[in-house]
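All remarks here apply to the structure that follows.
The values are calculated or read from the model by the stated rules, or taken from the named source; none is laboratory data. Model, not experiment: these values are computed from the prediction. Cβ placement follows ideal geometry from the backbone for every residue including glycine, while neighbour counts extend to all protein chains displayed.
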């Protein structure tokens with residue numbers, strides 16, 4: 001008897017799978033998955049190609065729970081059966097497709113682009129959260145995805161944006177405060193995009209006093225007058241009493257350039273006088289401002305937003321690294337004492353006395 005060729009054997013195996021009982025299909029499926037995951041010493045690409053057709057047949061005959069199991073297993077494979085991989089990654093059920101779209105390193109960028117263009121939001125969110133998102137894929141997600149997809153992309157440090165992608169996101173950010181905030185906090189957002197966002201940011205809708213400084217130009221803004229602080233304080237205090245003077249609110253003050261609100265908020269949260277907060281806001285060295293933010297119990301992202309937007313320009317990478325190191329190593333108690341009673345306060349009072357002396361001398 002002549003031996004059958006490997007191709008003939010595969011055809012016979014696929015035909016057998018097509019007619020076997022469902023419970024037996026499930027057992028065959030389990031065996032193939034075990035073979036794929038335990039074959040580190042075998043030629044991966046050859047094995048994946050051999051079982052691909054059989055897996056496709058099985059995928060068409062088993063229940064949804066089994067498909068979810070296949071997807072979870074294939075998502076972890078460095079080399080996966082290509083047709084089965086693409087079929088399951090394109091599946092309408094997010095429970096089947098999303099683990100593959102999120103984790104699989106065997107999917108090509110072109111496959112992911114195609115799926116992103118035709119899939120629903122859960123699948124697009126999974127793609128946007130991948131460990132690495134190449135620029136063409138990011139552009140595709142920006143074109144077809146909604147707001148949640150855009151925010152997921154911006155929050156993903158592994159996403160790489162082209163200039164065109166940044167332009168598209170900046171346009172959307174002009175009418176979306178949360179998107180603008182996310183772009184402002186992303187470390188690699190270009191300065192040109194930041195300036196566009198800051199210069200075109202919408203006026204605040206609340207009754208809180210508006211900023212006196214234009215954030216678009218890279219110049220040091222004028223500090224608000226005493227009347228501006230007095231106007232801002234009642235609402236800031238009310239926000240604090242209701243528990244709403246939080247990172248989100250302070251972050252918004254920073255990004256929108258609401259200097260009176262921001263300084264007053266830091267004063268209320270840290271317990272430091274307005275003049276101390278003004279001093280650290282205008283000091284070339286960021287250490288005092290980081291202390292004030294830490295004393296106010298703000299998180300690092302809010303602190304970064306304040307540092308990045310206080311003068312309409314962004315920190316350099318080295319400055320940002322130093323500021324984060326200071327923030328992460330400072331004790332809350334140390335920050336609070338220093339801002340309220342320590343060296344910063346002493347320096348501020350000394351500076352105030354010097355200014356008064358100079359003014360007095362001039363009047364003589």
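Tabulated data
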read-out	value
Subset of the range 240-263 (residues that are in contact (Cβ under 8 Å) with a residue 12 or more places away in the chain and over 16 Å from residue 309 (Cα atoms))	240, 245
Counted residues, the range 269-282 - those being part of a loop (DSSP other than H, G, I, E, B) and either surrounded by 15 or more Cβ atoms within 10 Å (Cβ to Cβ) or within 27 Å of the chain's Cα centre (by Cα) (or both)	2
Hey, residue 150 within 29 Å of residue 66 (Cα to Cα) and surrounded by 17 or more Cβ atoms within 10 Å (Cβ to Cβ) or not	no
Helices (runs of 4 or more DSSP H) wholly inside the range 1-119 that include at least 2 residues being under 30 Å from residue 140 (Cα atoms) and at pLDDT 80 or above	64-74, 82-89, 94-103, 109-118
Contacts under 6 angstrom Cβ, first residue in the range 273-289 being farther than 15 Å from residue 340 by Cα, partner crowded, with 18+ Cβ neighbours inside 10 Å and at pLDDT 85 or above, 6 or more apart	286/307; 286/323
Positions within the range 289-301 being in a helix (DSSP H, G or I) and surrounded by fewer than 24 Cβ atoms within 10 Å (Cβ to Cβ), in sequence order	300, 301
Members of the range 238-272 that are in contact with a helix residue (DSSP H, G or I) (Cβ under 6 Å, 6 or more places away or on another chain) and farther than 19 Å from residue 336 by Cα	251, 253, 254, 255, 260, 261
Pair list, Cβ < 7 Å and 6+ apart or interchain, from the range 300-322 residues that are farther than 14 Å from residue 281 by Cβ and assigned by TED's automatic domain parsing to the domain that holds residue 193 to residues that are modelled with pLDDT of 80 or more and not in a helix (DSSP H, G or I)	none
Odd one out for residue 316 among (1) exposed (fewer than 14 other Cβ atoms within 10 Å of the Cβ); (2) at pLDDT 85 or above	(2)
Those residues of the range 189-222 which are modelled with pLDDT of 80 or more and surrounded by fewer than 20 Cβ atoms within 10 Å (Cβ to Cβ), in sequence order	190
